[in-house]
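Notes for the one structure printed next.
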Amino acid sequence: MTPPAAALAVTDLAVSRGGLPVLERLRFTLHPGRALILRGPNGSGKTTLLRTLAGLQPPLAGFITAPPETIAYASHADGLKATLTVAENLAFWAQIFGTGDIGAAVDGMNLRGLLDRQAQNLSAGQKRRLGLARLLVTGRPFWLLDEPTISLDVASVALFAEVVRSHLAAGGAVLIATHIDLGLPEAEVLDLAPHRARAPAAGGLMGAFDEAFL
Amino acid sequence: MIALFLRDLRLAIRAGGGFGLGLGFFLIVVVLVPLGVGPEGRTLSLIAPGILWVAALLACLLSLDRIFALDHEDGSLDLLATAPIPLEGVVTMKALAHWVTTGLPLTLASPVLALLMNLPGPGYPWLMLSLALGTPALSVIGTFGAALTVGLKRGGLLLSLLVLPLYVPTLIFGAELVKRGAAGQAVATPFLLLAGITAGAAALLPFASAAALRVNLR
């Protein structure tokens with residue numbers, strides 16, 4: 001993996017969900033080799049922020065600067081095809097991202113024994129491990145992770161923390177929305193509570209009117 | 001992009017992929033019509049081009065909502081949208097995979113079923129040609145409809161209503177081409193118009209479909 005030349009920087013960002021602003025005045029920089037953990041109660045806009053950073057929806061205001069084609073996004077859903085095997089699922093994403101090699105990802109998330117199993121026959125935790133292994137085949141430096149540890153057991157969480165740590169050591173960076181302790185003491189924490197969007201009357205932004213109908 | 005195409009084909013062929021759905025529907029309609037209309041050969045050969053084309057069109061329609069709905073449900077559409085291939089390319093590959101699993105089998109099966117409809121002999125090559133030329137347009141237009149309705153629960157009805165009017169020109173010129181071919185008349189006009197519709201749809205609609213997807217993924 002080539003280390004990114006620049007960092008992922010966010011300036012005065014505001015994001016909206018369903019036409020309502022949820023977060024505003026966000027300002028942070030994610031440097032290579034660093035991990036940033038997003039904390040906030042349910043509905044505080046963690047997923048919306050990650051989707052905006054991934055480019056799936058436009059920001060309400062502010063700027064996101066990142067080198068092009070450097071962000072890999074992992075949502076709640078793993079994007080697995082039930083009738084494809086573990087190896088086929090991974091190989092597909094490896095081809096899409098043009099990396100081709102799934103060996104490191106298979107070993108990283110301990111999937112070696114499951115390669116020929118169809119994804120529909122995996123347990124929830126095994127599916128999650130496969131979903132996270134997809135990040136390794138993207139070859140992209142910035143990982144945006146939305147609740148990555150859901151349905152993982154303690155051993156798998158430790159395994160995943162190890163994968164994240166080696167990604168950081170290789171010059172990558174991660175932004176994680178999570179409620180649990182991942183065992184990454186070096187990670188910085190960004191609390192989203194102070195960034196909650198204010199009502200328009202209190203000086204906050206108006207949401208886009210037509211968004212509510214999309 | 002080839003990888004996406006191959007994945008879609010593999011998914012369609014595996015259990016539950018719905019590969020035979022359109023073909024089965026085509027078969028059922030074309031087998032049932034002669035039973036309903038009666039065995040008189042002259043009537044059947046008169047309506048054969050229209051029935052064969054309507055059945056092919058409905059068979060295409062049947063599998064449209066699967067194009068994006070499954071990928072949207074399991075989250076892979078989000079991941080594809082953030083992947084390095086352009087969304088226009090994703091849409092084109094999806095339409096191509098839909099055609100290979102629906103339009104192509106219909107085209108190949110049509111001569112056998114035309115026999116049941118007592119299609120006059122000279123019409124056979126024109127039937128296959130018109131389906132080979134027209135069904136890609138059905139897949140591309142259908143992909144656009146599927147992209148418009150991707151986020152909706154039970155969007156199938158809306159999808160059919162949106163797509164049907166767009167299918168009308170293809171149906172008219174496709175059936176006309178077979179009719180004229182079977183009667184030994186000049187076929188240049190419907191042939192060129194059908195080819196024009198397909199070429200135009202394949203060139204323009206992927207951009208519209210990609211734009212619709214981007215809005216729906218927000």
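The values are calculated or read from the model by the stated rules, or taken from the named source; none is laboratory data. If you're wondering where the values come from, they're calculated on a predicted model, not measured in any experiment. Please note: Cβ atoms are built from the backbone with ideal geometry, for glycine as well, and neighbour counts cover all protein chains shown.
Annotations for the structure displayed:
- Tally of residues being part of a helix (DSSP H, G or I) and touching a Pro at 6+ places or on another chain (Cβ under 9 Å) across region A:158-209: 6
- Lone unmet requirement of (1) on the phi > 0 side of the Ramachandran plot; (2) in a helix (DSSP H, G or I) for B:Gly18: (2)
- When the residues of region A:92-149 are filtered to those that are among the hydrophobic types (A, V, I, L, M, F, W, C) and in contact (Cβ under 8 Å) with a residue 60 or more places away in the chain, the one that is farthest from B:Arg14 (Cα to Cα) is A:Phe142.
- Looking across region B:122-162, the residues that are assigned to a loop (DSSP other than H, G, I, E, B) and free of Cβ contacts under 8 Å to residues at least 24 places away in the same chain come down to B:Leu152, B:Lys153, B:Arg154.
- B:Ala175 more than 14 Å from chain A (Cβ to nearest Cβ), closer than 30 Å to B:Gly121 by Cα and surrounded by fewer than 17 Cβ atoms within 10 Å (Cβ to Cβ): no
- One residue from A:Gly43, A:Gly18 being of a type outside the set (Asp, Glu), more than 25 Å from A:Gly131 (Cα to Cα) and loosely packed, with under 15 Cβ neighbours inside 10 Å: A:Gly18
- Criterion: modelled with pLDDT of 90 or more and closer than 30 Å to A:Leu56 by Cβ - qualifying residue of B:Gly181, B:Gly142: B:Gly142
- Residue count for region A:38-58 under the criterion of being touching a residue at least 60 places away in the same chain (Cβ under 8 Å) and within 8 Å of chain B (Cβ to nearest Cβ): the result is 1.
- Scanning region A:67-107 for residues that are over 30 Å from A:Thr29 (Cβ atoms), of a type in the set (Val, Ile, Thr) and within 7 Å of chain B (Cβ to nearest Cβ) yields one hit, A:Thr83.
- In region B:1-24, the residues that are more than 7 Å from chain A (Cβ to nearest Cβ) and surrounded by 14 or more Cβ atoms within 10 Å (Cβ to Cβ) form Cβ pairs under 6 Å with partners that are part of a loop (DSSP other than H, G, I, E, B) and modelled with pLDDT of 85 or more, at six or more places apart or across chains, as follows: B:Met1/B:Ile85; B:Gly18/B:Ser63; B:Leu21/B:Ser63; B:Gly22/B:Ser63.
- Scanning region B:181-218 for residues that are under 28 Å from B:Ile47 (Cα atoms), part of a helix (DSSP H, G or I) and either more than 21 Å from the chain's Cα centre (by Cα) or within 14 Å of another protein chain (Cβ to nearest Cβ) (or both) returns B:Gly181, B:Ala182, B:Ala183, B:Ala188, B:Thr189.
- Residue among A:Thr48, A:Thr11 that is among the β-branched types (Val, Ile, Thr) and closer than 26 Å to A:Leu182 by Cα: A:Thr48
- Just one of the numbered conditions (1) without any contact (Cβ under 8 Å) to a residue 40 or more places away in the chain; (2) touching a Lys or Arg at 6+ places or on another chain (Cβ under 6 Å); (3) not basic (Lys, Arg) is not true of B:Val187: (1).
So that you can scan it fast, the table gives a plain yes or no per residue for (1) of a type outside the set (A, V, I, L, M, F, W, C); (2) touching a strand residue (DSSP E or B) at 6+ places or on another chain (Cβ under 9 Å); (3) surrounded by 18 or more Cβ atoms within 10 Å (Cβ to Cβ):
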residue: A:Thr65; (1), (2), (3): yes, yes, no
residue: A:Pro68; (1), (2), (3): yes, no, no
residue: A:Gly79; (1), (2), (3): yes, no, yes
residue: A:Asp101; (1), (2), (3): yes, no, no
residue: A:Ser123; (1), (2), (3): yes, no, no
residue: A:Arg129; (1), (2), (3): yes, no, yes
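- The single condition among (1) out of contact with any helix residue (DSSP H, G or I) (no Cβ under 8 Å at 6 or more places or on another chain); (2) not polar (S, T, N, Q); (3) not in a loop (DSSP other than H, G, I, E, B) that A:Arg140 does not satisfy is (3).
- Considering region A:67-90, and only residues there that are within 24 Å of A:Ala6 (Cβ to Cβ) and modelled with pLDDT of 85 or more, the residue that is farthest from the chain's Cα centre (by Cα) turns out to be A:Thr70.
- Qualifying helices (runs of 4 or more DSSP H) (wholly inside region B:37-86; at least 3 residues being within 13 Å of another protein chain (Cβ to nearest Cβ) and out of contact with any strand residue (DSSP E or B) (no Cβ under 8 Å at 6 or more places or on another chain)): B:66-73, B:76-81
- Taking (1) outside any loop (DSSP other than H, G, I, E, B); (2) under 30 Å from A:Asp146 (Cβ atoms) in turn, B:His98 satisfies each apart from (2).
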